[in-house]
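The values are calculated or read from the model by the stated rules, or taken from the named source; none is laboratory data. Please read these numbers as outputs of a predicted model, since none were measured by experiment. Note: ideal-geometry Cβ built from the backbone for every residue, glycine included; neighbour counts use all protein chains shown.
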Amino acid sequence: MDRIRIRGGNELHGIIPISGAKNAALPLMIASLLTDDTLTLENVPHLADVEQLIRILGNHGADISVNGRRERQGESYARTVHFTSRNIVDTTAPYELVSKMRASFWVIGPLLAREGKARVSLPGGCAIGTRPVDLFIEGLSALGARIEIDGGYINAAAPEGGLIGARYVFPKVSVGATHVLMMAATLARGTTVIGNAAREPEVVDLANCLNAMGAKITGAGTSTITIEGVTSLSGARHRVLPDRIETGTYAMAVAMAGGDVVLEGTDAALLDTALEAIRRAGAEITPTEGGIRVRRNGGGIKPVDIVTDPFPGFPTDLQAQFMGLMTRSNGVSHITETIFENRFMHVQELARLGARISLSGQTAKIEGVARLKGAPVMATDLRASVSLVIAGLVAEGDTMVSRVYHLDRGFERLEEKLTRCGAEVERVSD
Ligand code: UD1
């Protein structure tokens, strides 16, 4: 199994190209099931989760081709992928496929809307909490679906004549349930109004793509989304938006290691709250044409308290990385996680590098230390694993991160991107 070795101590200087967003690419790919026409997505990142979803969509009957011509984007390669689901050959998403990635559960929306039925295994994904599916069930039921759980599967059936538009207010903000309800409602009869919808940029990206396919969606990006049902959707061409989590991660890596890096092909407006926190920690952040420049020269890292929240709050997907950064601050900081109840698994791994962190309920208290020391550590989930890389960039000696398949799910060419900026990061295959 692969491991990543980081030898700490180098500043980062250069350019890091930012990939298309994993969390936008996944729902966009799933939306291709809503039409028998071809949906072409540009700027699709090359990640294990994307490959896994390609297998899942293929199982439903999608014909998928990756464009031979690769689009040069800095030093990285974005891909253009064509998805054509002329016929849905299977409305079952089996456990063997869905258990590997939670987002694959979202196929329930398009399958139900287009085929009137779906049998989808209850999901797996990162072990960062119980992650139930009650909001999906409630939302789809509001559109008239009959849903029952049987042997680890959700069986969903639309009423005769298809789903029916309705008004539904989520009791809690959920990105995935917003994606699914929005997709399902595009082909429902009548108008659907979703209240307390997620406002994440990825929801807006999905709505833009669905509108390009002929859907009638307004309000995405606010907490009320209105969808006027249409009878069918067509193909479209859409470019996946930049990955704000990858952007924030590298911004924190530069804040940690010091140096001067331009993050290319991204947009500061996607992560205002996180960039503000990094600024307060002592980095200089300036928008450039088509990117962001991050610098930290000389000065130390200041302690900053943060609380995770749904967008536009501080993203939970950057919490672990920010904790990595705070381990070297020159004071005491607090990080409160409000989205997932079990998202502090990186704490004990960071402690192995010498970090001083104590937990009290959903809040971590981080006492900054003057030095971290390399050690073998284990990746526990996708975002936690990259916090160890960030810490490793300044730890003395070697940090060896095992279980890097977590990293490969969400970070494209991580070691290459960091190495080109002067870090000593290498993949070791046993
Ligand atoms: C998405 C992101 C993930 C991010 C998360 C929160 C993708 C592929 N994944 O995950 O990276 O960390 O948003 O920003 O886009 N919940 C329920 N019942 C439900 C559904 C969710 O209680 O039916 C809870 C979850 O347990 C969690 C909270 O709602 O506590 C938010 O989860 P949600 O926004 O649904 O996360 P995902 O869509 O799974």
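Below is a table of values for the structure above.
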| item | result |
| --- | --- |
| Test: residue in the range 5-22 that is touching a Leu at 6+ places or on another chain (Cβ under 9 Å), part of a helix (DSSP H, G or I), within 16 Å of the ligand (Cβ to nearest atom) and at pLDDT 95 or above | yes |
| Some residue of the range 335-343 being closer than 25 Å to Glu396 by Cβ and in contact with a strand residue (DSSP E or B) (Cβ under 7 Å, 6 or more places away or on another chain) | yes |
| Inter-residue pairs, beta-carbon under 9 Å, first without any contact (Cβ under 8 Å) to a residue 24 or more places away in the chain and in the range 339-357, second in a helix (DSSP H, G or I), 6+ apart | Phe344/Gln319; Phe344/Ala320; Phe344/Met323; Phe344/Ala384 |
| Subset of the range 155-180 [away from the ligand (no atom under 11 Å from the Cβ) and among the aliphatic types (A, V, I, L, M)] | Ala156, Ala157, Ala158, Leu163, Ile164, Ala166, Val169 |
| Selected residue (criterion: farthest from Glu202 (Cα to Cα)) from residues of the range 296-311 that are assigned to a loop (DSSP other than H, G, I, E, B) and within 16 Å of the ligand (Cβ to nearest atom) | Asp309 |
| Condition check for Phe344: under 21 Å from Met101 (Cα atoms) and not in a strand (DSSP E or B) | yes |
| Any pair with Cβ under 7 angstrom, 6 or more apart, that starts in the range 381-405 at a residue that is in contact (Cβ under 8 Å) with a residue 40 or more places away in the chain and ends at one that is within 16 Å of the ligand (Cβ to nearest atom) and among the polar types (S, T, N, Q) | Arg383/Gln321; Val386/Thr249; Val386/Gln321; Ser387/Gln321; Ile390/Gln321; Val401/Ser385; Val404/Ser385 |
| Entirely in the range 214-267, the strands (runs of 3 or more DSSP E) that have 3 or more residues that are free of Cβ contacts under 8 Å to residues at least 40 places away in the same chain and out of contact with any Phe, Trp or Tyr (no Cβ under 9 Å at 6 or more places or on another chain) | 216-218 |
| In the range 127-144, residue modelled with the lowest pLDDT [restricted to those that are near the ligand (Cβ under 8 Å from one of its atoms) and within 19 Å of Asp317 (Cα to Cα)] | Ile128 |
| Residue within the range 104-115 that is more than 23 Å from the chain's Cα centre (by Cα) and within 15 Å of the ligand (Cβ to nearest atom) present | no |
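Results for (1) under 30 Å from Glu51 (Cβ atoms); (2) within 23 Å of the chain's Cα centre (by Cα), shown as yes or no for each residue.
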site	(1), (2)
Ser329	no, no
Ile335	no, yes
Phe344	yes, yes
Arg352	no, no
Ala364	no, yes
Leu372	no, no
Thr380	yes, yes
Val394	no, no
Leu407	yes, yes
